[in-house]
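Values in this text are rule-based calculations from the coordinates and carry no lab data. These numbers come from a predicted model, not from an experiment. Cβ placement follows ideal geometry from the backbone for every residue including glycine, while neighbour counts extend to all protein chains displayed.
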Amino acid sequence: MHSRIVQDLGVDIVSGKLAPGERLPAEAGLCASYGVSRPVLREATRVLVAKGLVISKPRVGSIVRPRVDWHMLDPDVLYWTMSHIPEHDFFRSVLTVRRIIEPAAAALAASLATDDEVRRIETAYREMESASTPEALLEPNLQFHREIMAATHNDLLAYIGNMMSLALSESIKLINSDPSDPNAHALSLPRHKAILTAIQSRDPLGARQASLVQLESAHADADSLRELTMSTEP
């Protein structure tokens, strides 16, 4: 019940049913609805506080926080958000973040990666090459990007890379869902190979440019898929 309360209230907040500045429903009513004690309900509220969704104030109650304060990389918050916005809007939001972070991370990795870290990036790429389906490609693709983040030797970037995995996973699935091109996943291999080659060559500018090209291509693929989807809608 604790998990269900967190999810139900979290979804109500993210979907806009409970707006910023609005108080959560009264404790007595929630306890009656879920058949739980006040300590159980308050523990669920503390989880929402930890996710940045609400703030608890004495003699006031729990208030929904502005969207800018939400911990958007929290896996639950991210999943709830993905479930309540159009997938292409979500993709554009993720791509904007990736354009800011990934080219700079690739350039840093080209400058700072140890030989062992370069080998780990290459290993992830080789596993991408071996993948025969979009589903099999997904995990090594994620690992490729995580290894680049780790090779920056910046703990915050490595953390962001790990926390972005869910968002990145969903955006990759979107790109690979084009029914008109079942082999679309293979088209990303040369783009990732260019990033790897630049890092192996210790070429920061080349790594940055290769990363930008890969992201621009992903954007173009998503736009093509959206146009296809819209053209087939009744």
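Per DSSP H run of at least 4 residues, take -39500 (n - 2.57); add these up for the chain, divide by its residues and hand me the 222 nm value, nearest 500 deg cm²/dmol. Please report the intermediate quantities before stating the final value.
Values: 11 runs with 167 residues, N = 234.
-23500 deg cm²/dmol, from helical runs alone.
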Query raised in the report: Angle, helix 87-112 long axis vs. longest principal axis of the chain, Cα atoms, 0 to 90°, nearest 10?
Result: 50 degrees
**Report entry** Linear extension gain, ARG99 paired with GLU170, 0.36 nm per residue minus alpha-carbon span
**Finding:** 23.9 nm
Report summary line: In nm, the gap between the two label points placed 7 Å beyond Cα toward Cβ at LYS57 and ILE160 is 3.2 nm
Report task. Express the C-alpha Rg of the range 2-69 as a ratio against the empirical globular expectation 2.2 N^0.38 Å, rounded to two decimals. Result -> 1.00
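Counting only C-alpha contacts under 8 Å and six or more residues apart, can you give the relative contact order of the chain as a whole percent? Walk me through the numbers before you get to the answer.
Details: 263 pairs, mean separation 44.7, N = 234.
Result for the chain is 19 percent.
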Query raised in the report: Going out from 0 in 5 Å bins, what whole percent of all Cα-Cα distances in the range 1-127 drops into each bin?
Result: 2, 9, 16, 17, 13, 10, 8, 8, 7, 5, 4, 1
Report summary line: Ordering 196-206, 59-69 by per-residue average of other C-beta atoms within 10 angstrom, highest first, gives 196-206, 59-69
Query - Nearest-0.05 FRET efficiency for HIS153 and ARG202, computed from C-beta distance (R0 25 Å) - result: 0.95
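Dipole of the chain, Cα-centred, from +1 at each Lys and Arg C-beta and -1 at each Asp and Glu C-beta, to the nearest 20 debye? Don't skip to the end; give the middle numbers.
Numbers: 24 positive and 30 negative charges, 215 e Å.
That gives a dipole near 1040 debye.
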Report summary line: For 213-220, 97-104, ranked highest to lowest by mean beta-carbon neighbours within 10 Å, the order is 97-104, 213-220
Query raised in the report: For MET149, what is the net charge nearby, where nearby means another residue's Cβ is under 13 Å from its Cβ and Lys, Arg count +1, Asp, Glu -1?
Result: -1
Requested in this report: Would you work out which of SER15, PRO204, HIS88 lies farthest towards the positive end of the dipole of the chain? Charges go on Cβ: Lys and Arg +1, Asp and Glu -1.
Outcome: SER15
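Report, in cubic angstrom per residue, the convex hull volume of the C-alpha atoms of the range 40-113.
Output value, Cα hull per residue: 137 Å³.
Given a cut-off of under 8 Å on Cα pairs at least six residues apart, what relative contact order in percent is computed for the range 97-149?
Details: 28 pairs, mean separation 23.9, N = 53.
It comes to 45 percent, rounded to a whole number.
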Query - Calculated log₁₀ intensity ratio I(q)/I(0) where the Debye formula runs over C-alpha points of the chain, q = 0.08, 0.10, 0.14 Å⁻¹ - result: -0.39, -0.58, -0.92
